[in-house]
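Chemist: Submitted below is the structure of interest, expressed as structure tokens.
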Amino acid sequence: MIKEYLDNINNKETNSLLVSLKSYALLNNVPIITDDGINFINQMINIKQVKSILEIGTAIGYSAINMALSSEAVITTIERDEKMYEKAIENIRLAKLEKRIEVIYKDALEVDESNLDKFDLIFIDAAKAQSIKFFNKYKTRLNDRGIIITDNLLFHNLVVTPIKDKSLKQLVKKIDNFNNFVVEQEDFDTYIYSIGDGMSLSIKKEVIK
Ligand code: SAH
Ligand code: MG
């Protein structure tokens, strides 16, 4: 009920490309970010004056295009699935954002991160079982006081639902492990929010030199 109330009262998306990407995603079961999730991120980007973003998990480019349109940030985003990659390239071209969004077609665990720049924001939104690996690998690419946001930490509330299916149970266990891991990282100040499908916000602590 609250969700419907807020959906009605909050500003509607007016960008026609974003509206059509959203319906494409719905029709084709592409798990794009929720409205409250992307608004949370976009407001963080603006509060923190984020200039550069690394995204793990592009899909059709919905979140990347959305972040680019609401800021001046440059975005690097990584996608391993060929069909998704091609769709993202097509959508980024339609949005005329080729200069600000670079898509790397590769498994994020195989990218040599030492070749990447450093970023103000890292958005982790790829294979949910791998989030700890992504976090550890890419936190080295974060600027001081940078932030890491990780999506789908409640996994459609399955983290609190009894599950019989073995592989699903394992996946949910890994998400639960990530949640416990991420709040314990001493070099970050982290809180997990029940926004969208559950998101953690981790702010890198200042290094005392
Ligand atoms: N961020 C997008 C949604 C991403 S869905 C949005 O909100 O609009 C997750 C995507 O991550 C899928 O397209 C999947 O192919 C990709 N992915 C999963 N594991 C990956 C990996 N190890 N490396 C690169 N991409 C990965
Ligand atoms: Mg997501």
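Chemist: Out of the range 68-108, which residues are part of a loop (DSSP other than H, G, I, E, B) and of a type outside the set (Lys, Arg)?
Modeler: Ser70, Ser71, Glu72, Ala73, Asp81, Ala95, Leu97, Glu98, Asp107, Ala108
Chemist: Please state which of the following conditions Asn10 fails to meet, knowing it meets all the rest: (1) in contact (Cβ under 8 Å) with a residue 12 or more places away in the chain; (2) within 16 Å of ligand 2 (Cβ to nearest atom); (3) not hydrophobic (A, V, I, L, M, F, W, C).
Modeler: Of the numbered conditions (1) in contact (Cβ under 8 Å) with a residue 12 or more places away in the chain; (2) within 16 Å of ligand 2 (Cβ to nearest atom); (3) not hydrophobic (A, V, I, L, M, F, W, C), the odd one out for Asn10 is (2).
Chemist: So the check is Cβ under 9 Å with 6+ separation or different chains; which pairs have a first residue in the range 109-134 that's closer than 16 Å to Phe188 by Cα and a second one that's modelled with pLDDT under 95?
Modeler: Filtered contacts from the range 109-134: Asp120/Arg145.
Chemist: Take Ile65 and tell me if it is in a helix (DSSP H, G or I), surrounded by 15 or more Cβ atoms within 10 Å (Cβ to Cβ) and either among the hydrophobic types (A, V, I, L, M, F, W, C) or out of contact with any Phe, Trp or Tyr (no Cβ under 7 Å at 6 or more places or on another chain) (or both).
Modeler: yes
Chemist: Scan the range 142-184 for residues that are touching a helix residue (DSSP H, G or I) at 6+ places or on another chain (Cβ under 8 Å), of a type in the set (S, T, N, Q) and surrounded by 15 or more Cβ atoms within 10 Å (Cβ to Cβ) and jot them down.
Modeler: Thr150, Asn152, Asn179, listed by residue number.
Chemist: Output the strands (runs of 3 or more DSSP E) that fall wholly within the range 135-209 and possess 2 or more residues being among the aromatic types (Phe, Trp, Tyr) and in contact (Cβ under 8 Å) with a residue 40 or more places away in the chain, or say none.
Modeler: The qualifying strands (runs of 3 or more DSSP E) are 188-193.
Chemist: Let me ask you something else. Taking the options Glu72, Glu55, name whichever one is under 13 Å from the mean Cα position of the chain (by Cα) and acidic (Asp, Glu).
Modeler: Step by step, each of Glu72, Glu55 is checked, and only Glu55 is under 13 Å from the mean Cα position of the chain (by Cα) and acidic (Asp, Glu).
Chemist: Can you name the residue in the range 87-141 that is β-branched (Val, Ile, Thr) and farther than 30 Å from Lys173 by Cβ and is also surrounded by the fewest Cβ atoms within 10 Å (Cβ to Cβ) among such residues?
Modeler: Here the residue is Ile89.
Chemist: Among the residues of the range 33-58, which ones are closer than 13 Å to Phe123 by Cα and either away from ligand 2 (no atom under 16 Å from the Cβ) or not in a helix (DSSP H, G or I) (or both)?
Modeler: Ile33, Ile45, Val50, Ser52, Ile53, Leu54, Glu55, Ile56, Gly57, Thr58
Chemist: I'm trying to understand the selection: among the residues of the range 113-134, which are in a loop (DSSP other than H, G, I, E, B) and either in contact with a His (Cβ under 7 Å, 6 or more places away or on another chain) or within 15 Å of ligand 1 (Cβ to nearest atom) (or both)?
Modeler: Leu116, Asp125, Ala126, Ala127
Chemist: Suppose we filter the range 61-86 for residues that are away from ligand 2 (no atom under 16 Å from the Cβ), in contact (Cβ under 8 Å) with a residue 40 or more places away in the chain and polar (S, T, N, Q); how many remain?
Modeler: Result for the range 61-86: 1.
Chemist: Does Asn28 count as more than 8 Å from ligand 1 (Cβ to nearest atom) and at pLDDT below 95?
Modeler: Here the answer is no, as Asn28 does not meet what is asked.
The values are calculated or read from the model by the stated rules, or taken from the named source; none is laboratory data. Keep in mind it's a predicted model, so treat the numbers as computed, not measured. Note that each Cβ is placed from the backbone with ideal geometry, even for glycine, and that neighbours are counted across all protein chains shown.
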